[in-house]
Amino acid sequence: MIKTVLFDMNETMLDLSLLKENFDKYFDDNYVLKYWFTKLLHTSTVVGAIDEYKNFGELAEVVLESLFYENNKELTKEIKIEILGAFRKLPAYDDVPKALELLKLNKIRVVAVSNSSLEMIEEQLANAGIINLFDKFYSVDSVKKYKPFNDIYEYVAKEEKTSVDNIAMVASHDWDLFGAKKVGLTTAYIKRKEEIFNPYYLQPDISETNLIDLAKKIIKIK
């Protein structure tokens with residue numbers, strides 16, 4: 001039986017459309033946001049692999065600088081603040097509030113787990129209007145190792161005083177769920193965009209295209 005559900009934040013609960021609008025002001029490329037985000041995740045993984053650590057905000061800034069440099073564009077302080085500031089104002093997907101409420105009605109703890117700082121997580125949840133639906137939130141700053149390294153999943157399970165058998169991880173990223181499943185968590189995939197789940201990763205236990213339907217499946221897990 002699932003007692004606690006961990007939620008990834010960006011792209012899983014929070015819609016990146018606002019961030020894309022800001023990137024589109026400076027780049028005529030539909031894939032520039034995806035490239036920046038992928039490069040950011042690649043950087044965090046490399047840093048973790050060699051046991052170094054810089055917070056996600058620092059990495060995001062450096063990767064943004066690299067993106068503008070690669071495209072021979074000037075990145076002013078104002079543009080940097082405008083783009084990265086949008087991260088704090090991302091709206092929740094329409095299916096998020098009801099899905100979280102459904103879990104809480106069934107006495108399941110709702111927890112956010114993110115590569116961002118605690119301050120960023122709190123601000124994002126508050127601006128999205130869903131902070132009151134969360135019992136707790138955790139940042140990788142606590143372990144100084146990004147997802148999908150096992151440190152944060154194990155840390156949260158310990159802090160929640162719950163066996164990994166009773167925890168589910170919800171994410172729209174296959175690499176995040178791969179890391180969670182390697183630790184022993186039940187994994188729930190919410191498909192937010194058209195892409196395949198990497199066949200070389202451990203596959204999710206359940207999946208859906210709507211978070212409410214995914215929550216219903218989680219509740220039924222015995």
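The values are calculated or read from the model by the stated rules, or taken from the named source; none is laboratory data. Keep in mind that what you see is a predicted model, and the values were worked out from it rather than measured. In this analysis, Cβ positions are derived from the backbone assuming ideal geometry, glycine residues included, and neighbour counts consider all displayed protein chains. All accessible areas refer to the heavy atoms of the entire protein, side chains included, with ligands and DNA or RNA removed. Shrake-Rupley method; radii C 1.70, N 1.55, O 1.52, S 1.80 Å.
Using the reciprocal of the averaged 1/r over all distinct C-alpha pairs, how large is the Kirkwood radius of region 114-222 in Å? It would help to have the intermediate numbers written out before the result.
Values: mean 1/r = 0.0680 Å⁻¹.
Result for region 114-222 stands at 14.7 Å.
For the chain, what is the mean residue ellipticity at 222 nm derived from helices alone (per DSSP H run of n ≥ 4: -39500 (n - 2.57); sum divided by total residues; nearest 500 deg cm²/dmol)?
Working: 9 runs with 100 residues, N = 222.
-13500 deg cm²/dmol, from helical runs alone.
Per the Cα gyration tensor, region 19-67 maps to an equivalent ellipsoid with semi-axes of 23, 10, 7 Å, ordered largest to smallest. Each label was represented as a point 7 Å from its Cα along the Cα-to-Cβ direction; for Glu61 and Ser117 these points are 0.9 nm apart. Zone of Glu101 (label point 7 Å along Cα→Cβ, backbone N under 20 Å): which residues in region 114-135? Under 20 Å, as judged by backbone N against the label point of Glu101, lie 125-135 of region 114-135. Consider all pairwise Cα distances in region 1-116 and report the whole-number % of them above 17 Å. For region 1-116, the share of Cα pairs beyond 17 Å comes to 62 percent.
For the chain, what does the accessible surface come to per residue with a 1.4 Å probe? Please give it in Å². Each step should come with its number before you reach the end.
Numbers: 11210 Å² over 222 residues.
Per-residue value: 51 Å².
Round to the nearest 10 and give me the degree value, 0 to 90, for the angle of helix 118-127's Cα axis relative to the longest principal axis of the chain. Approximately 90 degrees, to the nearest 10. Using alpha carbons only, the radius of gyration of region 71-131 set against its Kirkwood radius gives Rg/Rh = 1.14. When the chain is described by a simple charge dipole with +1 on each Lys and Arg Cβ and -1 on each Asp and Glu Cβ, the residue from Trp36, Ser114, Phe23 located farthest towards its positive end is Ser114. With both labels modelled 7 Å from their Cα along Cα-to-Cβ, the Asn210 to Ile79 distance reads 4.2 nm. Computed over the chain, the P(r) curve from all C-alpha pair distances, binned at 5 Å from the origin, holds 1, 7, 15, 19, 20, 17, 11, 6, 3, 1, 0 percent per bin. On the protein heavy atoms, probe 1.4 angstrom, tell me the percent of accessible surface of the chain carried by carbon and sulfur. Heavy-atom surface of the chain belonging to carbon and sulfur, 1.4 Å probe: 51 percent. Antiparallel DSSP bridges in the chain: what percent, to the nearest 5? Looking only at bridges with both residues in the chain, the antiparallel portion is about 5 percent.
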